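Colleague: This is the structure, below, for whatever I ask next.
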Amino acid sequence: MRQWNFCAGPAAISEEVLQDLKSELLEYKNSGTSVMEMSHRSEIYTKIAHEAKSDLIEILNIPNNYEVLFLQGGATYQFSMIPMNFKHLTGTADYVTTGTWTKKAHAEGSKIIDINEIYSSEDSNFTCAPDIEKLEISENASYVHYCPNETIQGNAIHDVPNINKPLIADMSSVILSEPIDISKFSLIYAGAQKNIGPAGLTIVIIDKEFMSMDDNSLPNLLRYSQHSKSNSMLNTPPTFAWYMAGKVFKWIKNSGGLDYFKELNHKKASKLYGYIDGSSFYSNPVDINNRSIMNVTFVLAESGLDSLFLEESNTNGLLSLKGHRSIGGMRASIYNAMPLKGVEELIEFMKYFESKYG
Ligand SMILES: *Cc1c(COP(=O)(O)O)cnc(C)c1O
């Protein structure tokens, strides 16, 4: 039986989407084959790919001076691809470090470009995040990189900063959770396996003018403009993940779009944080204004009870609540596919556990 899955990624996918997949898994629309077995250049697959792209453009209200790319390599690959493409502009970039992922982006990026780390909350264990508009941005930065939602620590920068440098965001765990103003960014990237679909696909949304400045000395597969020229089919794309992402985009559209999910996601998160804050047994260390809506981290008053909590929650149909191995504690990832009911059942379990062992 399917249970409530709080995994940070690869994460839960709506059952509606999976049922729809199941109905066409063996044979896609009288094509005689499944989607996994058809040429990515066939007419039928080209239609799947185009539709996914245009649905994403519609849901996110992406202006037409932006390109949407369907790439591989995960968000981690973007940690290198971004500096490779834009290093030649000024040779330096500004990075904001608010958690494990931005720290990795910085470490990987440093191998390629000179990085000014204009902020780091590592001293406070990444429990806070800055107002980027108030930071001192370097005069010669080619771009400014940040992560609006740090998946591991569960912190967030909710407002998109207005700055006069190209803004780049790792939106892996927050994309499609609410409407955003794409026009404020030069580049947005996201691995699909959090809030989009199965692993293997990476979405890049890039300002076409910024894209035109990519480094033309790079091999084609490393250049955004070359992926764009070939409609993200420079080589065989992850056809199944792309097709599934398309199904998720349709599901989002049919559910009421990003306004609907924004409301639902805030409702889920505020219920859970509200319960945690009202309890003396559970706590969350992140600054109130920087709490993630998608990844809710919490610790028990006695860490000696962690393994019991995980064991019992699992038996009660609440899966993958273990925090990331690097920070311990618990984490409930409550992306779009987690219904309110799942969060309510988690809270019921937390109450029960506290009353039994607290
Ligand atoms: C999961 C995640 C990554 C790493 O994604 P991969 O697709 O595994 O490379 C990077 N950044 C953020 C914010 C993430 O949540």
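Colleague: Which trypsin sites (Lys or Arg not before Pro) in region 68-120 pass both tests, a DSSP loop state and at most 14 other beta-carbon atoms within 10 Å?
Modeller: K111
Colleague: How large is the convex hull of the C-alpha atoms of the chain per residue, in Å³?
Modeller: Taking the convex hull of the Cα positions in the chain, it is 131 Å³ per residue.
Colleague: In which sequence would V96, V174, V160 go, from the one with the fewest C-beta neighbours within 10 Å to the one with the most?
Modeller: With the sparsest Cβ surroundings first, the list reads V160, V96, V174.
Colleague: Ignoring everything except DSSP H segments at least 4 long, calculate the 222 nm mean residue ellipticity for the chain; use -39,500 (n - 2.57) per segment, divide by total residues, nearest 500.
Modeller: The per-residue figure over the chain is -11500 deg cm²/dmol.
Colleague: Separate question: Just in region 112-220: which GluC sites (Glu not before Pro) are loop by DSSP and have at most 12 other Cβ atoms within 10 Å?
Modeller: Loop-located and lightly packed - E136, E139.
Colleague: Springs between alpha-carbon atoms under 10 Å, Gaussian network over the chain: tell me which of S110, S303, S283 tops the mean-square fluctuations.
Modeller: The residue that fluctuates most here is S303.
Colleague: Roughly speaking, what is the centre-to-centre gap between region 281-334 and region 180-253 when only Cα atoms are used, to the nearest Å?
Modeller: Each part reduced to its Cα centre gives a spacing of 32 Å.
Colleague: Number of Lys pairs in region 221-358 with C-alpha atoms less than 22 angstrom apart, excluding same-chain neighbours closer than eight positions?
Modeller: 21
Colleague: Same structure again: Find which of S42, L201, N289 sits farthest along the positive direction of the dipole of the chain, computed with +1 on the beta-carbon of Lys and Arg, -1 on that of Asp and Glu, about the Cα centre.
Modeller: S42
Colleague: Do any GluC sites (Glu not before Pro) in region 222-312 lie in a loop, going by DSSP, with at most 12 other beta-carbon atoms within 10 Å of their beta carbon, and if so which?
Modeller: Those satisfying the criteria are E302.
Colleague: What's the local net charge at I347, with K and R +1, D and E -1, over the other residues with C-beta under 13 Å away?
Modeller: Its environment carries a net charge of 0.
Colleague: Would you mind getting the Kirkwood hydrodynamic radius of region 256-357 from its Cα pairs, rounded to one decimal in Å? Please report the intermediate quantities before stating the final value.
Modeller: Details: mean 1/r = 0.0717 Å⁻¹.
In region 256-357 this quantity evaluates to 13.9 Å.
Colleague: Moving to a separate point now. What is the order of S280, S212, fewest Cβ neighbours within 10 Å to most?
Modeller: Final ranking by Cβ density, sparse to dense: S280, S212.
Colleague: Another question, then. What ranking of M338, M38 emerges when the number of other C-beta atoms within 10 Å of each C-beta is taken as an exposure proxy, fewest first?
Modeller: Going from least to most buried by this count: M38, M338.
Colleague: About the Cα centre of the chain, what is the dipole size in debye to 20, counting +1 per Lys and Arg Cβ and -1 per Asp and Glu Cβ, all else neutral?
Modeller: My answer is approximately 720 debye.
Read the figures in this text as sums done on the coordinates, not as results from a lab. Every value quoted in this text rests on a predicted model; they were computed, and no experiment measured them. Note that we place each Cβ from the backbone using ideal geometry, even for glycine, and neighbour counts take in every protein chain shown.
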